[in-house]
Amino acid sequence: METEKIIETIHMISDEKLDVRTITMGISLLDCIDSNSERACERIYHKIMTKAKNLVKVGQQLEAEYGIPIINKRISVTPISIVAAACKDHDYFKYAQTLDRAAKDLGVNFIGGFSALVQKGYQSGDLRLIHSLPQVLSETDLVCASVNVGSTRSGINMDAVAQMGKVIKEAAERSFMSNTKMVVFCNAVEDNPFMAGAFHGVGEKDVVINVGVSGPGVVKHALEKVKGEPLDVVAETIKKTAFKVTRMGQLIGSLAAKRLNVPFGIVDLSLAPTPAVGDSVAEILEEIGLETVGTHGTTAALALLNDAVKKGGIMACNHVGGLSGAFIPVSEDAGMIAAAKSGTLNVEKLEAMTAVCSVGLDMIAIPGDTPAETISAMIADEAAIGMINNKTTAVRVLPIKGKKVGDVAEFGGLLGHAPIMAVNSASSAAMISRGGLIPAPIHSFKN
């Protein structure tokens with residue numbers, strides 16, 4: 001490498017918070033299925049421990065050798081609603097405990113895949129898994145969950161949407177942290193390396209390494225050099241920066257896969273912020289020219305950013321996948337937190353922003369007395385945006401017991417903190433109680 005490029009990379013890491021946000025090993029558990037849940041859990045534990053035994057060690061070695069921070073080492077597994085369906089247990093807490101034990105014994109940050117795919121209807125395993133969610137989320141430490149309630153090809157399962165509103169409320173009653181580990185999706189992807197929504201799809205290889213990169217601070221720094229330039233120059237600058245960031249992810253992912261002797265899957269291009277100053281997607285939008293995120297023009301600026309990141313990153317990598325866009329989690333982004341506290345950013349504006357970015361209403365704290373039907377309606381709105389626009393959308397909202405609008409919820413670490421945001425007080429209960437299926441849009445029929 002040229003000396004100038006080496007110095008630039010060092011500067012990105014030390015001053016602009018460039019990092020590999022996650023190395024995630026996806027592991028298929030289809031060969032662990034057994035009608036006896038005890039035997040199934042033994043097989044699951046053994047396979048995870050065998051396949052991922054060196055994951056943390058390899059990640060630490062690569063950090064030391066290349067000087068690139070690798071923030072998380074994670075595991076995703078086949079949706080447990082599929083794996084556990086053969087057994088007759090009335091709930092799947094036993095399976096969650098097995099995943100939690102394996103994750104702790106391996107020293108990984110999280111394990112995802114306590115998941116169900118119910119976009120068109122339920123199977124018995126789906127119902128038992130969803131029934132288990134409040135207990136699993138509150139009584140395990142490292143297990144992440146997701147439920148896919150809709151897709152462009154299938155429509156939206158409104159019975160599941162209604163049920164998930166109740167699940168989120170019940171989980172919040174048990175612990176205010178529970179819902180930080182669960183996502184409700186439309187158009188969920190099978191190779192997502194990011195938590196809490198990661199699971200290992202049934203179409204994936206037996207074991208694979210997927211990488212998520214992140215560099216909001218790097219993008220903002222690059223844009224500081226083109227102040228006042230036209231927006232096409234802004235887009236080109238973001239593309240070039242995304243290319244550099246993605247090449248780093250490709251390098252680390254390829255090396256990790258080689259050392260672990262498993263196939264390399266994808267690089268997820270998503271810009272994932274943290275609560276740290278200088279590591280914010282909101283600050284990129286403000287650098288483009290907004291006084292504060294949430295004002296008029298925010299959605300347009302975010303659309304430009306998201307598209308440019310994809311265009312730059314896809315040229316830098318053999319296989320791009322996952323969610324690959326810009327995340328806007330309120331509690332995890334210093335700029336979003338500030339805008340929400342000042343009142344310039346509200347839930348309605350965030351919903352509009354989700355039409356053009358990855359992924360959805362994410363890490364939004366709402367009053368603890370918000371009705372379950374209102375939460376379900378928020379899920380339905382996000383699912384509709386995803387279904388109509390043929391994109392992944394998601395909801396990770398956090399009702400905080402005993403908190404009201406203007407209070408602050410502290411989550412700690414990368415999850416940050418968030419002001420309690422207002423939701424519309426008008427009821428959606430009559431619509432949610434109808435249930436049924438919102439049909440797939442006409443443009444879904446492409447065969």
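Values in this text are rule-based calculations from the coordinates and carry no lab data. A quick note: this is a predicted structure, and the numbers were derived from the prediction, not measured. FYI the Cβ positions are ideal-geometry reconstructions off the backbone, even for glycines, and counts take in every protein chain you see.
Taking the Cα of LYS258, stepping 7 Å toward and past its beta carbon, and measuring to each backbone N in the stretch 314-334: which are under 16 Å?
Counting only backbone N, you get 318.
What is the Cα convex hull volume of the stretch 345-404 when expressed per residue in Å³? Numbers along the way, then the final one.
Values: hull volume 4.2 nm³, N = 60.
Per residue, the Cα convex hull of the stretch 345-404 comes to 69 Å³.
Say each of LYS94 and SER342 gets a label point 7 Å from the Cα, pointing the same way as Cα to Cβ; how far apart are those two points in nm?
Reported label-point gap for LYS94 and SER342 is 5.5 nm.
Compute the normalised compactness of the stretch 76-164: alpha-carbon radius of gyration over 2.2 N^0.38 Å, N being the residue count. Mind dumping the intermediate values first?
Working: Rg = 13.1 Å, N = 89, 2.2 N^0.38 = 12.1 Å.
It is 1.08.
Per the Kirkwood formula on distinct C-alpha pairs, the Rh of the stretch 156-197 is how many angstrom?
Details: mean 1/r = 0.0867 Å⁻¹.
Hydrodynamic radius (Kirkwood, Cα only) of the stretch 156-197 equals 11.5 Å.
Using only Cα positions of the stretch 216-274, each an equal point scatterer, no hydration layer, compute I(q)/I(0) via Debye at q = 0.15, 0.25 Å⁻¹ and quote the log10 values to two decimals.
Evaluating at q = 0.15, 0.25 Å⁻¹ gives log10 I(q)/I(0) of -0.55, -0.99.
Under 20 Å from a point 7 Å along the Cα-to-Cβ line of ALA429: which residues of the stretch 387-410 have their amide N that close?
Residues 399-402 qualify, since their backbone N sits under 20 Å from the label point.
Quick check for me: using +1 on Lys/Arg Cβ and -1 on Asp/Glu Cβ, what's the dipole size of the chain about its Cα centre, in debye to the nearest 20? Could you put the intermediate results ahead of the total?
Values: 43 positive and 48 negative charges, 194 e Å.
With only Lys, Arg, Asp and Glu charged at Cβ, the dipole is about 940 debye.
Provide the gained length on full extension for the span LEU30 to MET49, in nm with one decimal, where the gain is 0.36 nm per separating residue minus the Cα-Cα distance.
Details: separation 19, 0.36 × 19 = 6.84 nm, distance 1.56 nm.
Extending this stretch completely gives an extra 5.3 nm.
What spacing in nm lies between the two simple spin-label points modelled at GLU170 and ASP232, each 7 Å away from Cα in the Cβ direction?
5.6
If only Cα atoms are counted, what is the Rg of the stretch 371-447, and what is its Dmax, in Å?
Using the Cα atoms of the stretch 371-447, the pair Rg, Dmax is 16.1, 51 Å.
Over all alpha-carbon pairs in the stretch 120-187, figure out the percentage whose distance exceeds 19 Å. Intermediate values should be presented prior to the final figure.
Numbers: 673 of 2278 pairs.
For the stretch 120-187, the fraction of Cα-Cα distances above 19 Å is 30 percent.
Taking the Cα atoms of the stretch 23-186, report the difference between the largest and smallest coordinate on each principal axis, in whole Å and largest first.
Projected onto its principal axes, the Cα set of the stretch 23-186 covers 50, 35, 33 Å.
Suppose we keep just the DSSP beta bridges with both residues in the stretch 131-290; what percent of those would be antiparallel, to 5? It would help to have the intermediate numbers written out before the result.
Working: 2 of 10 bridges.
Antiparallel: roughly 20 percent of the beta bridges in the stretch 131-290.
Within a Cβ distance under 15 Å of PRO134, other residues only, what is the Lys/Arg minus Asp/Glu net charge?
Numbers: positive: ARG128, LYS166, LYS169, ARG174, LYS181, LYS401; negative: ASP91, GLU139, GLU170, GLU173.
So the environment of PRO134 carries a net charge of +2.
Check cross-link reach from LYS446 to the lysines: straight Cα distance under 23 Å, and skip same-chain residues fewer than eight apart.
By straight Cα distance, LYS446 reaches LYS120, LYS391.
Which is farthest toward the positive dipole end of the chain among ALA64, ALA383, LEU129, measuring Cα position about the Cα centre, with Cβ charges +1 (Lys, Arg) and -1 (Asp, Glu)?
LEU129
Taking just the C-alpha trace of the stretch 303-373, give me its Rg and Dmax in Å.
Every Cα atom of the stretch 303-373 included, Rg and Dmax give 14.7, 47 Å.
Please figure out what share of the DSSP beta bridges in the stretch 213-438 is antiparallel and state it in percent, rounded to the nearest 5. Walk me through the intermediate numbers first.
Details: 3 of 11 bridges.
That works out to approximately 25 percent antiparallel.
Could you check the spin-label model distance between ALA64 and LYS104? Points 7 Å from the Cα along Cα→Cβ, value in nm.
Each label point is offset 7 Å from its Cα along the Cβ direction, giving 2.7 nm.
In the neighborhood of PHE194, defined by Cβ-to-Cβ distances under 12 Å, what is the net charge if each Lys or Arg adds +1 and each Asp or Glu adds -1?
On the way: positive: ARG21, ARG74, ARG396; negative: ASP191, ASP268, GLU332, ASP362.
It works out to a net charge of -1.
Pairs to check: LYS341/LYS403; LYS205/LYS244; LYS240/LYS310; LYS205/LYS239; LYS205/LYS311; LYS73/LYS220. Give those whose C-alpha atoms are more than 19 Å from each other in this structure. Working shown, then result.
Details: LYS341/LYS403 15 Å; LYS205/LYS244 28 Å; LYS240/LYS310 11 Å; LYS205/LYS239 31 Å; LYS205/LYS311 27 Å; LYS73/LYS220 26 Å.
As for pairs spanning more than 19 Å Cα to Cα, those are LYS205/LYS244; LYS205/LYS239; LYS205/LYS311; LYS73/LYS220.
Work out the FRET efficiency for ASP369 and GLU139 from their Cβ-Cβ distance, taking R0 = 25 Å, and round it to the nearest 0.05.
Working: r = 24 Å, r/R0 = 0.97.
It comes out at approximately 0.55.
Any idea what % of Cα-Cα pairs in the chain are farther than 32 Å? Spell out each step's value before the answer.
Working: 33996 of 99681 pairs.
That tail contains 34 percent of the Cα-Cα pairs.
Report, as a whole number in µm² per second, the diffusion coefficient that Stokes-Einstein gives for the stretch 213-438 at 4 °C and 1.567 mPa s using the Kirkwood radius over alpha carbon pairs.
Numbers: Rh = 18.4 Å.
In µm²/s, the coefficient rounds to 70.
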